[in-house]
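Student: If you scroll down you'll find the structure; I have some questions about it.
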Amino acid sequence: RNYYGGNWASFSFSGLLSWIKENQEKTDINDECEDWRKLILENEEVISLSKKVKTIQHVEDFCFVDQDSAEDVEEAGALPKLPVFGASGAEGVAQESEKECPPVECALQVAESSEPEKATGTEPASATEGKDTEVTSANECSQSTALGESTLELGKTEAAPSEISVQEPKKITYSQIVREGRRFNIDLVSKLLYSRGLLIDLLIKSNVSRYAEFKNATRILAFRGGKVEQVPCSRADVFNSRQLTMVEKRMLMKFLTFCLDYEQHPDEYQDYENSSFAQFLSTRKLTPSLQHFILHSIAMVSETDCSALEGLQATKKFLQCLGRYGNTPFLFPLYGQGEIPQCFCRLCAVFGGIYCLRHSVQCLVVDKESGRCKAIVDHFGQRISANYFIVEDSYLSESICTNVSYRQISRAVLITDQSVLNTDSEQQVSILTVPPVDLGKPAVCVIELCSSTMTCMKDTYLVHLTCPSTKTAREDLEPVVQKLFNLNTEKETENEELEKPRVLWAVYFNMRDSSGINKNSYDGLPSNVYVCSGPDAALGNDCAVKQAEAIFQEMFPAEEFCPPPPNPEDIIYDEDEIAAEETGLSNSPETKPESSSEESSSRGSTAVQKEDKEK
């Protein structure tokens, strides 16, 4: 691929158009070196890898604004005669092409340019345009009390929102979208980070948070009675809400307080362990509107498939995440979810890891006697040996995956001209769960991003819709889009549709969900080949973090997963040792009995830094 992150990637608008075209044409990878089979010995056999990308299906894109004037328009800053693959990034237009190279230099530039603030714990996220939220270690954050009474403001607070006048939204043309295409960072997978989730903890522990910057999700929304409403989350929100009566406020507070320590009161839920969470809520003296809020906007679980215990666990997780970085449980990475894999690549690069783009692999080379994988052969006909091999599920051929049953995720991405719920502030990051349209259908998760998330141009919003697939993505999601948005062109818009936000452009696609598949399901896979999945359908990232740690511990059971790296100012430079390495006298850092593993890592980092400065 020409971009980082696989199906976790983010694209500029032109990059997404290239990705759409690539997946609609379904071209095979045909860069095979004819002589590579000469590298295979008699006691070896090969496992060929797939040459087709099969994880994306049913890609359909639509434009609802006039395209006539956009035929000859180029994206601002685009280089002539070069395909633009818009991997997301905070470095701006000038560094788009640099991001297609192995990220060693990029990683060092970021590490050197982002001066850490003097604070205890880990370093905060680097500042680019308007610092929003710093991810800091848990010991710096006071534990939030029940329902987020004690909220901790980290980083600079946002300026007071200016009131917007009630007027028609600005007219956006397709040519403007193309011209401002680099303002967009469009995620293939739509997720948020729970403030006390596994990924936030890992970002803090590994100090990868220094390479990223985050913004609070500002509001939780609900769709009820054909209208979008804001859901009160914290204690202050509950008592300030005008949607709830005083009786409902007391009911809600009592139930949420119970959910925080439900394990201490097993007698209250044990009788409902075989019931759904929706059935359990109906026994708790809650009004229909409260049941709706709790089920779809707080627990965010299925009405039919979620047990009472799972619902209580989900509600507790939501409440525990309140108050750490804001009045909702969620954070969103500026410049898109695609920044997260790139951040880990940057830290990896600092310590010598290499990430190769546009570098495909022909096959795995397996020893017939031991059954272990010894090497890979790439498309240059080069043989690369290693002890361990990690491969993403989509690269495995059909012969290996005959017994694997995959789920699918339905995705839609919309560019709109207004928010689904206009308030006095335009800069809102919102999450909305739309209940199933028909019985048996899944609920749809809607995440709406504003321009201050650095994912879309000014005066537009980027809307992500996600649900488990039952049909094609368009069939699953278009009924929800029609409820929330105006899909007509400007000339066709009727009076009753004027109040809805207008969709300017949209794309639908289905993505394979390969999470939760046991390694034993793959036929003939060597024991030292480890399979990781693509993105799952969940809102958070816990599945990916657990999977990464499980694979790491299986390979290196005695090692710590993602240990904190040394700070740059703590690295001790050993010029003599580096000089010896560069002249070829030593192929690896000399191991001294008294040296700690941290010092060894530091020397490796120093060598990479010095080499890059000389380049």
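The values are calculated or read from the model by the stated rules, or taken from the named source; none is laboratory data. All of these numbers come straight from a predicted model, not from anything done at the bench. Note: ideal-geometry Cβ built from the backbone for every residue, glycine included; neighbour counts use all protein chains shown. For accessibility, only protein heavy atoms count, side chains too; no ligands or nucleic acids. Shrake-Rupley method; radii C 1.70, N 1.55, O 1.52, S 1.80 Å.
Student: So is ILE40 open to solvent by 20 Å² or more (accessible area, probe 1.4 Å) and either touching a Ser or Thr at 6+ places or on another chain (Cβ under 7 Å) or modelled with pLDDT under 90 (or both) or not?
Tutor: Working: open to solvent by 20 Å² or more (accessible area, probe 1.4 Å): yes; either touching a Ser or Thr at 6+ places or on another chain (Cβ under 7 Å) or modelled with pLDDT under 90 (or both): yes.
Judged against the criteria, ILE40 is a match.
Student: Return only the number of the condition from (1) open to solvent by less than 30 Å² (accessible area, probe 1.4 Å); (2) of a type in the set (A, V, I, L, M, F, W, C); (3) under 19 Å from LYS215 (Cβ atoms); (4) modelled with pLDDT under 95 that LEU421 does not satisfy.
Tutor: (1)
Student: Next question. Consider THR304 carefully, then state whether it is in contact (Cβ under 8 Å) with a residue 24 or more places away in the chain, outside the structural domain of PRO435 (by the TED database) and either part of a loop (DSSP other than H, G, I, E, B) or touching a Gly at 6+ places or on another chain (Cβ under 9 Å) (or both).
Tutor: The answer is yes for THR304.
Student: Another question, then. Does the range 228-237 contain any residue that is closer than 28 Å to LEU449 by Cβ, open to solvent by 70 Å² or more (accessible area, probe 1.4 Å) and not in a helix (DSSP H, G or I)? Steps first, answer last, please.
Tutor: First pass over the range 228-237, keeping only residues closer than 28 Å to LEU449 by Cβ: 228-237.
Still in the running and open to solvent by 70 Å² or more (accessible area, probe 1.4 Å): 230, 235.
Of the ones still in play, those that are also not in a helix (DSSP H, G or I) are 230.
Scanning the range 228-237 turns up at least one residue that is closer than 28 Å to LEU449 by Cβ, open to solvent by 70 Å² or more (accessible area, probe 1.4 Å) and not in a helix (DSSP H, G or I).
Student: Examine the range 229-245 for a residue that is at pLDDT 90 or above, farther than 19 Å from PHE318 by Cβ and not assigned by the TED database to the domain that holds VAL301, and state whether such a residue exists.
Tutor: The answer is no; no qualifying residue exists.
Student: Filtering the range 380-398 down to residues that are among the polar types (S, T, N, Q) and in a loop (DSSP other than H, G, I, E, B), which residue is least open to solvent (accessible area, probe 1.4 Å)? Quick ask: steps written out before the conclusion?
Tutor: Looking only at the range 380-398, we keep the residues that are among the polar types (S, T, N, Q), and these are 382, 385, 387, 394, 397.
From the residues that got through so far, the ones that are in a loop (DSSP other than H, G, I, E, B) too are 382, 387, 397.
Numbers: GLN382: 90, ASN387: 109, SER397: 23 Å².
Result: SER397.
Every residue, every condition in (1) in contact with a His (Cβ under 7 Å, 6 or more places away or on another chain); (2) modelled with pLDDT of 55 or more; (3) closer than 25 Å to ASN518 by Cβ, yes or no:
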position: VAL531; (1), (2), (3): no, yes, yes
position: LEU539; (1), (2), (3): no, yes, yes
position: CYS543; (1), (2), (3): no, yes, yes
position: GLN547; (1), (2), (3): no, yes, yes
position: PRO557; (1), (2), (3): no, yes, yes
position: PRO564; (1), (2), (3): no, yes, no
position: THR591; (1), (2), (3): no, no, no
position: GLU599; (1), (2), (3): no, no, no
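Student: Another question, if that's okay. Residues in the range 344-362: is at least one more than 30 Å from TYR194 (Cβ to Cβ), assigned by the TED database to the domain that holds THR455 and in a strand (DSSP E or B)? Before you say what the answer is, go through the steps one by one.
Tutor: From the range 344-362, those more than 30 Å from TYR194 (Cβ to Cβ) are 352, 354, 356-362; that's our starting set.
Those still in the list that are assigned by the TED database to the domain that holds THR455 too: 352, 354, 356-362.
From what's left, in a strand (DSSP E or B): 361-362.
Yes, some residue in the range 344-362 is more than 30 Å from TYR194 (Cβ to Cβ), assigned by the TED database to the domain that holds THR455 and in a strand (DSSP E or B).
Student: Could you say which residue among THR328, THR315 is of a type in the set (Val, Ile, Thr), assigned to a helix (DSSP H, G or I) and crowded, with 18+ Cβ neighbours inside 10 Å?
Tutor: Only one candidate qualifies: THR315.
Student: Kindly provide the set of residues from the range 324-356 that are hydrophobic (A, V, I, L, M, F, W, C) and within 23 Å of ARG219 (Cα to Cα), ordered by number. Before you say what the answer is, go through the steps one by one.
Tutor: First pass over the range 324-356, keeping only residues hydrophobic (A, V, I, L, M, F, W, C): 330-332, 334, 340, 343-345, 347-351, 354, 356.
The answer is PHE330, LEU331, PHE332, LEU334, ILE340.
Student: Does any residue of the range 148-161 turn out to be part of a loop (DSSP other than H, G, I, E, B), at pLDDT 50 or above, under 23 Å from the mean Cα position of the chain (by Cα) and surrounded by 19 or more Cβ atoms within 10 Å (Cβ to Cβ)?
Tutor: Step one: filter the range 148-161 for residues part of a loop (DSSP other than H, G, I, E, B), giving 149-161.
Those still in the list that are at pLDDT 50 or above too: none.
Checking the range 148-161: not a single residue is part of a loop (DSSP other than H, G, I, E, B), at pLDDT 50 or above, under 23 Å from the mean Cα position of the chain (by Cα) and surrounded by 19 or more Cβ atoms within 10 Å (Cβ to Cβ).
Student: For the range 515-524, give me the residue count where each residue is modelled with pLDDT of 90 or more and more than 28 Å from PRO442 (Cβ to Cβ).
Tutor: Going through the range 515-524 one residue at a time, the tally reaches 0.
Student: Residue pairs, Cβ under 9 Å, 6 or more apart or interchain, first in the range 199-226 and within 22 Å of LEU290 (Cβ to Cβ), second modelled with pLDDT of 95 or more and charged (D, E, K, R). List them.
Tutor: Listed by first residue and then by second, the contacts come to LEU221/GLU448.
Student: Just to be sure, is GLU339 at pLDDT 90 or above and surrounded by 22 or more Cβ atoms within 10 Å (Cβ to Cβ)? So that I can check it myself, show each step before the final result.
Tutor: On the way: at pLDDT 90 or above: yes; surrounded by 22 or more Cβ atoms within 10 Å (Cβ to Cβ): yes.
It is true that GLU339 is at pLDDT 90 or above and surrounded by 22 or more Cβ atoms within 10 Å (Cβ to Cβ).
Student: Would you check if there is a residue in the range 399-418 being open to solvent by less than 20 Å² (accessible area, probe 1.4 Å), at negative phi, polar (S, T, N, Q) and part of a loop (DSSP other than H, G, I, E, B)?
Tutor: Checked the range 399-418: no residue is open to solvent by less than 20 Å² (accessible area, probe 1.4 Å), at negative phi, polar (S, T, N, Q) and part of a loop (DSSP other than H, G, I, E, B).
Student: If LEU198 meets every condition in (1) open to solvent by 10 Å² or more (accessible area, probe 1.4 Å); (2) not assigned by the TED database to the domain that holds ILE409 apart from one, which number is that one?
Tutor: (2)
Student: A further question on this structure: What are the pairs, 6+ residues apart or on separate chains, where a residue within the range 506-529 that is under 30 Å from ASP66 (Cα atoms) has its Cβ under 6 Å from a residue that is β-branched (Val, Ile, Thr) and open to solvent by 10 Å² or more (accessible area, probe 1.4 Å)?
Tutor: Partner pairs satisfying both residue conditions: PHE509/VAL59.
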